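Asks: Here you go, one structure.
The values are calculated or read from the model by the stated rules, or taken from the named source; none is laboratory data. Keep in mind it's a predicted model, so treat the numbers as computed, not measured. Neighbour counts run over all protein chains shown; Cβ positions are idealised from the backbone, glycine included. Heads up: the accessible areas ignore ligands, DNA and RNA and are worked out on the full protein's heavy atoms, side chains in. Shrake-Rupley method; radii C 1.70, N 1.55, O 1.52, S 1.80 Å.
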Number of protein chains: 2
Amino acid sequence: MPYHHGDLRRALLDTALAAIVEQGPVAISLRELARRAGVSHAAPTHHFRDKTGLLTAIATEGWSLLADALDAVTDRDFAELGVAYVVFATTHPAHFAVMRAPGLVRADDHGLVAAQQRAGASLGTEPDGAPRDRTTALAGWSLVHGLSSLLLEGMVAPDPGSDVESLARAVTGRLGRPLPGRNPR
Amino acid sequence: MPYHHGDLRRALLDTALAAIVEQGPVAISLRELARRAGVSHAAPTHHFRDKTGLLTAIATEGWSLLADALDAVTDRDFAELGVAYVVFATTHPAHFAVMRAPGLVRADDHGLVAAQQRAGASLGTEPDGAPRDRTTALAGWSLVHGLSSLLLEGMVAPDPGSDVESLARAVTGRLGRPLPGRNPR
DNA sequence: GTCGTAACTTGTCAACGTCAAGACTCGCGC
DNA sequence: GCGCGAGTCTTGACGTTGACAAGTTACGAC
């Protein structure tokens, strides 16, 4: 094992993500992550100042990946964006758990706020690029954020034989969509 | 200070709730709660086996209070239930933070599950007492759960001059109701 | 009144997060 | 090809925490 790890930062993030899936974001310990990565107990300090720093990095990466996933949706109807949101949450449970956990991250971190805003902007933009009506955007965001949370908390599960994607599609379909010519924004 | 506290269990819960508002549910320490309550560092153990036990008790109480709040809504239209949900979350931030935090509580705790189901049943019941369509109920629950979360995470705030209740009313109004006469809003 | 039981204390342990100081190694300037 | 600084990692230490064990005190039923 070389003295210089190569990419210890990435390795620690990946180890942390795996541990979070197993034990939740609260139960992880920096020392155990270091152990799993084969480095000394204080090595993480240099890459992420402290535990909050590590979790902030994970949350930032999460929001950024979510923004990427939303930007990749070609049919920018809200239903499709919403489905992408829920699919992201269930395929990146560790990221999403940290993103929505209260008091685990430095909420005023620059990179974190920027990544959050990028994701928010993607949700709050109409297919034609115009900003969505605030109430509509908020309702949509709430809906998919809440559904993702309920799924990850285990309070709701897709019907057997069905999957998360079709559940998300059914639920987002309940959102009152303003009809094309009839409603501003 | 008497040897027997009187109602240490309640005192610890209240102290914990206050501390959670200040520092978040993760940062609280059993020892500090004991200190604030004026008892020895091991006293909490006897009332709540461990830290998870305390948080489970808070979550249980939260779901139970929420169920009470929902049951107290006389106009059982979903919009009103939803407003009550969001109002509960913002007026009981400590409870709600624990209720929705991942991995902090014993999710299989009997009392907790029962309280959750009581709240869920209230949301999933039509004004006339009939069970609501599953997708509709889930959409509504997701919407208000998500909105509450976004508010408490500080990612969204009511417009200045407005308040949480009217914001919740506006947002729940965006939910398409599968009633005859199709125009929501 | 005594006695069982519940409530609380004191003492202890391993693990953790964080800090300070030192050791190693890489790569750039010369 | 060589020194040297900056970046990377280690070692060691400190205070705090959650949890456990064993002992002490008060309450209430009989």
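Asks: Are any residues in the stretch A:66-77 without any contact (Cβ under 8 Å) to a residue 40 or more places away in the chain and either buried (at least 18 other Cβ atoms within 10 Å of the Cβ) or of a type in the set (V, I, T) (or both), and if so, which ones?
Replies: A:A69, A:V73, A:T74
Asks: Continuing with this model, one more query. Hey, can you tell me all the residues within the stretch B:22-50 that are more than 20 Å from A:A101 (Cα to Cα), part of a loop (DSSP other than H, G, I, E, B) and more than 11 Å from DNA strand D (Cβ to nearest atom)?
Replies: B:G38, B:V39
Asks: Restricting attention to the stretch A:64-73, does a residue exist that is within 14 Å of DNA strand D (Cβ to nearest atom) and either outside the structural domain of A:L152 (by TED's automatic domain parsing) or within 22 Å of A:D109 (Cβ to Cβ) (or both)? So that I can check it myself, show each step before the final result.
Replies: Taking the stretch A:64-73 and keeping what is within 14 Å of DNA strand D (Cβ to nearest atom), we get none.
Checked the stretch A:64-73: no residue is within 14 Å of DNA strand D (Cβ to nearest atom) and either outside the structural domain of A:L152 (by TED's automatic domain parsing) or within 22 Å of A:D109 (Cβ to Cβ) (or both).
Asks: What number goes with the only condition from (1) in a helix (DSSP H, G or I); (2) at the interface with chain A (Cβ under 9 Å from one of its Cβ atoms); (3) touching a Lys or Arg at 6+ places or on another chain (Cβ under 9 Å) that B:L112 does not pass?
Replies: Going through (1) in a helix (DSSP H, G or I); (2) at the interface with chain A (Cβ under 9 Å from one of its Cβ atoms); (3) touching a Lys or Arg at 6+ places or on another chain (Cβ under 9 Å) one by one, B:L112 breaks only (2).
Asks: Using the structure shown, decide if A:P160 is under 30 Å from B:S162 (Cβ atoms), more than 13 Å from chain B (Cβ to nearest Cβ) and open to solvent by 50 Å² or more (accessible area, probe 1.4 Å). Give the steps one after another, and end with the answer.
Replies: Numbers: under 30 Å from B:S162 (Cβ atoms): no; more than 13 Å from chain B (Cβ to nearest Cβ): yes; open to solvent by 50 Å² or more (accessible area, probe 1.4 Å): yes.
Answer is no for this residue.
Asks: Further question on the same structure: Considering the stretch A:22-45 alone, what residues qualify as being more than 8 Å from DNA strand C (Cβ to nearest atom) and surrounded by fewer than 14 Cβ atoms within 10 Å (Cβ to Cβ)?
Replies: Those that are more than 8 Å from DNA strand C (Cβ to nearest atom) and surrounded by fewer than 14 Cβ atoms within 10 Å (Cβ to Cβ): A:E22, A:Q23, A:A27, A:G38, A:S40.
Asks: While we're on this one: Can you tell me which residue within the stretch B:98-116, out of those that are open to solvent by less than 50 Å² (accessible area, probe 1.4 Å) and farther than 16 Å from B:S64 by Cβ, is modelled with the highest pLDDT?
Replies: B:L104
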